[in-house]
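Inspection log for the structure reproduced underneath, given as structure tokens.
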């Protein structure tokens, strides 16, 4: 098989092709690439002319890959992704004062960002880049300097230090009437703010009541949200009773925005951990950050 550069199409247009094929739109691909639609179209035409066949079919409802276009995309996409990861690793090697960390949206918003403000004041020369996603996994954490994972602290290929234990309790607005709540059954009579946890690892009312040996059989209204931040905001607005995680609800309680309904605190036995790949050679900036975050968790 011929392996010299003459057998390859122009490499630059392949980046444009991958974006259009992945997104399914010239317009949206142009926005992602910070270019005009015309510039993207010209690059695709250049690639098609070089290859000698069409890559897309223009349909009424959008773009479809041709059969050879699909084969090209399936070969090009993983190569470009690998190239992006390689570039990221090389940049990290030279940018020793830059740290990357991945965590859930809730951990980023309620736990990490408030701490980072203090960290940056103490170590202004170190830059911390945060990636927030609810599609968190051990394998994803290995692509960054650090991750914050929820579980029992045991993940293959990762080392971790515990940051905080999971503690969950019902919360409501400070003036919300709960004087007659003495049991789980009483709670279930109130309007409840439920979490739709499909697709991510998080406890909802069904799980919480089961930990107390009760079935989730609410007799009051149930409002459902797919993000814990929305659920907490709904509780703050007086729409009902939500589950509050200690690391998220504590500041809201201290500010008087919500209050904890007493006698229903649950400690699950799981925790959040700062993790990194076992084989990773941590930079001096990473070591400083790891020690600082661990110490802030202990204090």
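Just so it is clear, none of the values below were taken in a lab; they were calculated from the coordinates. Just so it is clear, the model here is predicted, and its values are computed rather than measured. Because the Cβ atoms are built from the backbone with ideal geometry, glycine has one as well, and the counts that use them run over all protein chains shown.
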- [ ] Classify the stretch 165-270 as rounded, prolate or oblate from the Cα gyration tensor: take a ≥ b ≥ c as the square roots of its eigenvalues, call it rounded if a/c is under 1.5, otherwise prolate when a/b beats b/c and oblate if not.
- [x] rounded
Open item on the list: Can you tell me the orientation of helix 113-122 relative to the chain, as the angle in degrees between its alpha-carbon axis and the longest Cα principal axis, to the nearest 10?
Closed with: 80 degrees
Open item on the list: Explain nothing, just the number: relative contact order of the chain, from Cα pairs under 8 Å at least 6 residues apart, as a whole percent.
Closed with: 20 percent
Open item on the list: Can you give the FRET efficiency to the nearest 0.05 for residue 229 and residue 287, using r as the Cβ-Cβ distance and R₀ = 35 Å?
Closed with: 0.65
Task: Of all DSSP beta bridges in the stretch 165-270, antiparallel share, percent nearest 5 - done: 60 percent
TODO: Please figure out what share of the DSSP beta bridges in the chain is antiparallel and state it in percent, rounded to the nearest 5.
DONE: 65 percent
TODO: For a footprinting-style exposure proxy, rank 103, 286, 202 by other Cβ within 10 Å, fewest first.
DONE: 202, 286, 103
Task: Separation of alpha-carbon centers, the stretch 126-178 and the stretch 58-79, rounded to whole Å - done: 37 Å
Task: Of 99, 168, 23, the one that fluctuates the most in a GNM where the chain has Cα springs shorter than 10 Å - done: 23
TODO: Out of all DSSP beta bridges with both ends in the stretch 33-138, state the antiparallel percent to the nearest 5.
DONE: 40 percent
Open item on the list: Suppose each label sits 7 Å from its Cα in the direction of the beta carbon; what would the residue 175-residue 22 distance come out to in nanometres?
Closed with: 5.0 nm
TODO: Measure nothing but the geometry: give the 0 to 90° angle between the long axis through the Cα atoms of 11-23 and the longest principal axis through the Cα atoms of the chain, rounded to 10°.
DONE: 40 degrees
Open item on the list: Please compute the length gained on full extension between residue 131 and residue 210, using 0.36 nm multiplied by the number of residues separating them and subtracting their Cα-Cα distance.
Closed with: 25.2 nm
- [ ] For the chain, find the longest principal axis of its Cα atoms and tell me its angle to the long axis of helix 37-51, 0 to 90°, nearest 10.
- [x] 50 degrees
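For the chain, what is the calculated [θ] at 222 nm in deg cm²/dmol (nearest 500), taking -39500 (n - 2.57) for each run of four or more DSSP H residues and dividing by its residue count? Don't skip to the answer; put the middle values down first.
Working: 11 runs with 122 residues, N = 299.
The helix contribution divided over the chain gives -12500 deg cm²/dmol.
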